[in-house]
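Read the structure below first, then the notes.
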Amino acid sequence: MSQNYHIVCLSGTREKLQMAAMFASVAAATGDQVTVFFSMNALPFFIKDSQQVPAVEGQFGELMESEAGVPPFKQLFKSAAELGDAKLLPCSMALDLLQIDGDALDPELGPPTGLTRFLNDAEGGQLLTF
Amino acid sequence: MSEFKTIDARNTFCPGPLMELITYMKQAEVGDMLELLSTDNGTASDVPEWIDKVGHEMISSEKVGDVWHLKVRKLK
């Protein structure tokens with residue numbers, strides 16, 4: 001039976017972005033409905049042509065940086081959208097604080113979304129926060 | 001008809017090999033057979049789970065040296 005997952009991505013650390021992306025890509029490609037809401041320090045990585053590299057939290061972040069075979073988190077989020085129709089939604093408040101609009105973000109990100117809309121959509125589903 | 005399309009996902013970590021397989025599965029025709037090569041042990045258990053959930057056929061799973069050979073058939 002397919003599930004309805006709502007993933008809130010806030011942290012700008014490598015480990016959390018990676019785990020959220022792994023979860024989103026596997027769930028979406030397995031037929032679950034996945035919505036990812038990006039806000040706070042997680043959002044700037046999705047500004048077009050961003051060269052920003054996430055900070056490492058600990059041992060696993062370092063391991064992932066040293067291993068060439070770890071799929072990049074942005075690629076996994078993109079796969080979630082392309083293979084499993086995951087919705088990748090930027091937080092409208094975070095965009096306002098950054099003083100940019102949705103067009104400044106990577107094309108796989110959907111429309112800027114407010115919390116009220118996100119919470120309405122998330123009703124009855126599973127909410128995961130990274 | 002015993003031709004497998006080989007997907008070489010060796011030396012990539014979870015969920016890289018699974019996502020590679022899913023990408024090729026989407027492009028394949030019903031009845032096509034794919035062989036995924038992976039050095040990631042987690043993939044050897046994840047792929048049968050995914051195949052089972054999505055409704056394709058797991059033909060075989062075998063480890064030769066350090067490499068898993070996971071053979072599957074697209075059913076729908």
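Derivation of every value follows stated rules applied to the coordinates shown; laboratory data play no part. Everything quoted here is computed from the prediction, not taken from an experiment. Quick reminder, even Gly has a Cβ in these numbers, built from the backbone with ideal geometry, and neighbours come from all protein chains shown.
Quick notes on this structure:
- Rounded to 5, percent antiparallel among DSSP beta bridges of chain A: 5 percent
- Dipole of chain B computed with +1 at Lys/Arg Cβ and -1 at Asp/Glu Cβ about the Cα centre; of B:Tyr24, B:Asn41, B:Trp68, farthest Cα towards the positive end is B:Tyr24.
- Residue order for B:Cys14, A:Cys9, fewest other beta carbons within 10 angstrom first, comes to B:Cys14, A:Cys9.
- Percent of Cα pairs in the protein assembly as shown per distance bin of 5 Å, from zero to the largest separation: 1, 7, 15, 18, 18, 14, 12, 8, 4, 2, 0, 0.
- Nearby lysines by direct alpha-carbon distance to B:Lys76 (threshold 28 angstrom, same-chain neighbours under 8 apart not counted): A:Lys78, A:Lys87, B:Lys5, B:Lys26, B:Lys53, B:Lys63
- Report summary: the helix-based calculation at 222 nm, which adds -39500 (n - 2.57) for every DSSP H run with n ≥ 4 and divides by the residues of chain A, gives -11500 deg cm²/dmol.
- For the range A:1-78: rounded, prolate or oblate by the Cα gyration tensor [a/c cutoff 1.5]: prolate
- Three-way shape label, the range A:67-130, alpha-carbon gyration tensor, a/c 1.5: oblate
- Considering only A:Gly84, A:Gly69, A:Gly114, the Gaussian network model of chain A with Cα springs below 10 Å gives its largest mean-square fluctuation to A:Gly69.
- In this structure, the amide hydrogen of B:Thr6, modeled 1.01 Å from its nitrogen in the peptide plane, lies closer than 5 angstrom to those of B:Glu35, counting only residues at least 5 positions away or on a different chain.
- Value in Å of the Kirkwood radius, where the range B:4-73 supplies the Cα pairs that are averaged: 11.7 Å
- With an a/c value of 1.5 or above and a/b not larger than b/c for the gyration tensor axes a ≥ b ≥ c computed over the alpha-carbon atoms, the range A:23-130 is described as oblate.
- As a proxy for reagent exposure, A:Arg14, B:Arg73 were ordered by neighbouring Cβ count within 10 angstrom, fewest first; the result is B:Arg73, A:Arg14.
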